[in-house]
Amino acid sequence: MTTRTTTRGRRPKHLPDGRAALLDAAIDAFSHLGYDGANLRGIAAAAKVDASLVRVHFGSKEQLWRACVDTLEAALATPVETLRAISVDETRPVRDRLRDAIGLIAAYAVQHPEHKCFISLHASETGERGAILYRHLLEPVYNCMEKLIVEGMAAGVIRAEHPAMYFCVLAHALHPPPGSPVLMQVIAPEVGGEAFGPALLKQVEMVFFTPPQTDE
């Protein structure tokens, strides 16, 4: 099947180019179906391009998956640089820096829900894909947060036995299931819908920080 209806195979200007369309469709497929569940024909159909373009642009399913990781990593570049700047700015109280870092991660989670889904479906892999996932999508964020978490533990701002476990629980708290805003709209409208994001961040701060008077 092909959607090339204009001269010389060009896609309509309102549609993304074939490679970009395939990447968007592949990230969505891998995020919801996993590596084994996603198939190239389905990805091409969702991208509205001929299936042969997958081979042209990426070569194989494995290389397409790796290109998806590269795309997600590129989207993380600016937030990671901001996190790094926050973590090393020792002129500010650690509580304030942790609050800013958590707010940044929460905002990214809202803007890029596919990132969490992609990681969740591939995090259990122990082979090369698992190593790539950790090295490119998890390690950069954790490396920035670890210093802040350790400082927060030392200052009594947070209670934790290990920075990695604190980071793991925090990450899950900041990435609730996609339907959470709708569900909360039914359970408690005052914190559902558009109010869900700010309410979640406030609740996370209440749960993950000690009261201000305990700061040293």
* Structure fact -> Sorted largest first, the Cα spans of the stretch 125-179 on the principal axes come out in Å as 38, 29, 16
* Asked: So, in Å, what gap is there between the alpha-carbon centers of the stretch 139-185 and the stretch 29-94?
  -> 22
* Asked: Which angle between 0 and 90 degrees, to the nearest 10, do you get for helix 94-111 versus the longest principal axis of the chain when only C-alpha atoms count?
  -> 20
* What accessible surface, in Å², does a 1.4 Å probe find on Lys48, ignoring ligands, DNA and RNA and rounding to the nearest 10? -> 110
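Based on the alpha-carbon gyration tensor of the stretch 112-214, what equivalent-ellipsoid semi-axes (square roots of 5 times the eigenvalues) come out, in whole Å, largest first? It would help to have the intermediate numbers written out before the result.
Values: eigenvalues 129, 108, 16 Å².
Each semi-axis is √(5λ); the values are 25, 23, 9 Å.
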* Structure fact -> Of all GluC sites (Glu not before Pro) in the stretch 60-145, the ones in DSSP coil with at most 10 other Cβ atoms within 10 Å are Glu90
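If the only charges are +1 at each Lys and Arg Cβ and -1 at each Asp and Glu Cβ, what is the size of the charge dipole of the stretch 21-112 around the Cα centre, to the nearest 20 debye? Before the final figure, lay out each step's value.
Numbers: 10 positive and 12 negative charges, 21 e Å.
Around 100 debye, computed over the stretch 21-112.
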* To do: Working from Cα positions, state the angle (0 to 90°, nearest 10) between the long axis of helix 163-174 and the longest principal axis of the chain.
  => 60
* Structure fact -> Hydrodynamic radius by Kirkwood for the stretch 76-167, inverse mean 1/r across distinct Cα pairs, in Å, is 14.0
* Asked: Please state the Cα pair-distance histogram of the stretch 35-100 with 5 angstrom bins from zero: what percent is in each bin?
  -> 4, 14, 17, 15, 10, 7, 8, 8, 9, 7, 2
* Check Asp50: other-chain or 5+ apart residues with amide H under 5 Å from its amide H, H built from backbone geometry? -> Thr3
* Taking 0.36 nm per residue of separation and subtracting the Cα-Cα distance, what length does fully extending Tyr134 through Leu33 add? -> 34.4 nm
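When only C-alpha pairs under 8 Å and at least 6 residues apart count, what is the relative contact order of the chain, in percent? Please list the in-between numbers first.
Values: 204 pairs, mean separation 38.7, N = 216.
The normalised contact order for the chain reaches 18 percent.
At 4 °C and 1.567 mPa s, what whole-number value in µm²/s does Stokes-Einstein give for the translational diffusion of the stretch 154-216, with Rh from the Kirkwood sum over Cα pairs? Could the numbers behind the result be given before it?
Working: Rh = 13.1 Å.
Using the Kirkwood radius from Cα pairs, D works out to 99 µm²/s.
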* Structure fact -> Applied in sequence order to the stretch 128-135, the curve 6.51 cos²θ - 1.76 cosθ + 1.60 (Karplus, θ = phi - 60°) yields integer Hz couplings, x standing for Gly and Pro, of 5, 5, x, 5, 5, 4, 5, 5
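Applying 1/(1 + (r/R0)^6) with R0 = 25 Å to the Cβ-Cβ distance of Asp70 and Ala154, what FRET efficiency is obtained, to the nearest 0.05? Please report the intermediate quantities before stating the final value.
Numbers: r = 36 Å, r/R0 = 1.45.
Efficiency at R0 = 25 Å is approximately 0.10.
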* To do: For every helix of n ≥ 4 consecutive DSSP H residues, a contribution of -39,500 (n - 2.57) applies; sum these over the chain, divide by its total residues, and give [θ] at 222 nm rounded to the nearest 500 deg cm²/dmol.
  => -21500 deg cm²/dmol
* Asked: So how long is each side of the chain along the principal axes, counting just the alpha-carbon atoms, biggest first, in Å?
  -> 68, 40, 30
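I'd like to know how the stretch 68-123 sits against the 2.2 N^0.38 Å rule of thumb: what's its Cα Rg over that expected value?
Working: Rg = 12.9 Å, N = 56, 2.2 N^0.38 = 10.2 Å.
Expressed relative to 2.2 N^0.38 Å, the Cα Rg reads 1.27.
The values are calculated or read from the model by the stated rules, or taken from the named source; none is laboratory data. Since we're looking at a predicted model, the values are computed, not measured. Every residue, glycine among them, receives a Cβ derived from its backbone with ideal geometry; neighbour counts consider all protein chains shown. Surface areas here come from the heavy atoms of the whole protein model, side chains and all, with no ligands, DNA or RNA. Shrake-Rupley method; radii C 1.70, N 1.55, O 1.52, S 1.80 Å.
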